[in-house]
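Let me begin by presenting the structure, written as structure tokens, before commenting on it.
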Amino acid sequence: MNDKLVVTDIKLGVKNQNRANVFLNHKFAFSLDLSQLIDFKIKLGSEFFEHDIEKFKHASDFGKLYQRMLEWTFVRPRSVREASDHLKIITARSKSDYVRTSQELKTDVMERLTSKGYLDDEKFAKYYVENRFAKKGISKKRLKLELFKKGVDKSIVDAVLSEGIRSDEEEIKKIITKKRARYDDEKLISYLVRQGFDFELARNLVQASSETD
């Protein structure tokens, strides 16, 4: 058949040697991860037809997109919604019409990241809570709102926040210790309320700290 395509060359990528450039009938056709090359049993002399190539090109775009997302998730834990939003941004900037418009491609990438455990809202919520507490005092109310905005389900948020984390009272006392020298009582109470703490609790603890100074 005249539409038969033969693999005439396979070259490792220059910038990324984990990818290989595949040439069909002496012309560059697509690139694949080395693992994909093995999965598809592509080698010199392999013969394919035009209808096979779309499958390989989908795999090629998937491999490049998945690698970018994987590197992004390795920076720190991410929520599923964060990842989905980031994926939409990088695909929208792609020069490829297929990458910009293919919902199947985005779904495949998200499913792989989730199935491999790189996206896990419970792990993300635990990391986020620990990190926010380490940086500065924060109320459970504020944490809930922030996690909801990250797309974390209420049941996960409630479960994570019930796991023996510091109480609002402990957090307020920590903030008072840090900021007492910079704020008078009124400003300190206002600051605490802006962080999501209960007004009455904040006022009582601030006033109590003034009496012991």
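The values are calculated or read from the model by the stated rules, or taken from the named source; none is laboratory data. Predicted, not measured: the structure shown is a model, and the values here were computed from it. Note: ideal-geometry Cβ built from the backbone for every residue, glycine included; neighbour counts use all protein chains shown.
In table form, for the structure just shown:
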{"quantity": "Filter result (of a type outside the set (A, V, I, L, M, F, W, C), closer than 22 Å to LEU161 by Cβ and in contact with a Leu (Cβ under 6 Å, 6 or more places away or on another chain)) within the range 100-124", "calculated": "none"}
{"quantity": "Residue that is modelled with the lowest pLDDT, among those in the range 2-23 that are touching a Phe, Trp or Tyr at 6+ places or on another chain (Cβ under 7 Å) and not β-branched (Val, Ile, Thr)", "calculated": "ASP3"}
{"quantity": "Where PRO77 falls short, out of the listed (1) part of a helix (DSSP H, G or I); (2) within 30 Å of ARG142 (Cα to Cα); (3) outside the structural domain of LYS141 (by TED's automatic domain parsing)", "calculated": "(1)"}
{"quantity": "Tabulated pairs, the range 183-207, first under 16 Å from ILE138 (Cα atoms) and not assigned by TED's automatic domain parsing to the domain that holds ARG142, second assigned to a helix (DSSP H, G or I) and aromatic (Phe, Trp, Tyr), C-beta under 7 angstrom, 6+ apart or interchain", "calculated": "VAL193/PHE199"}
{"quantity": "Residues of the range 52-74 that turn out to be out of contact with any strand residue (DSSP E or B) (no Cβ under 7 Å at 6 or more places or on another chain), among the polar types (S, T, N, Q) and either in a loop (DSSP other than H, G, I, E, B) or buried (at least 16 other Cβ atoms within 10 Å of the Cβ) (or both), as a count", "calculated": "1"}
{"quantity": "The range 177-213 - residue that is over 33 Å from the mean Cα position of the chain (by Cα) and of a type in the set (Asp, Glu) and, of those, surrounded by the most Cβ atoms within 10 Å (Cβ to Cβ)", "calculated": "ASP185"}
{"quantity": "Positions within the range 28-51 being among the charged types (D, E, K, R) and either touching a strand residue (DSSP E or B) at 6+ places or on another chain (Cβ under 7 Å) or modelled with pLDDT under 90 (or both), in sequence order", "calculated": "ASP33, LYS43, GLU47, GLU50"}
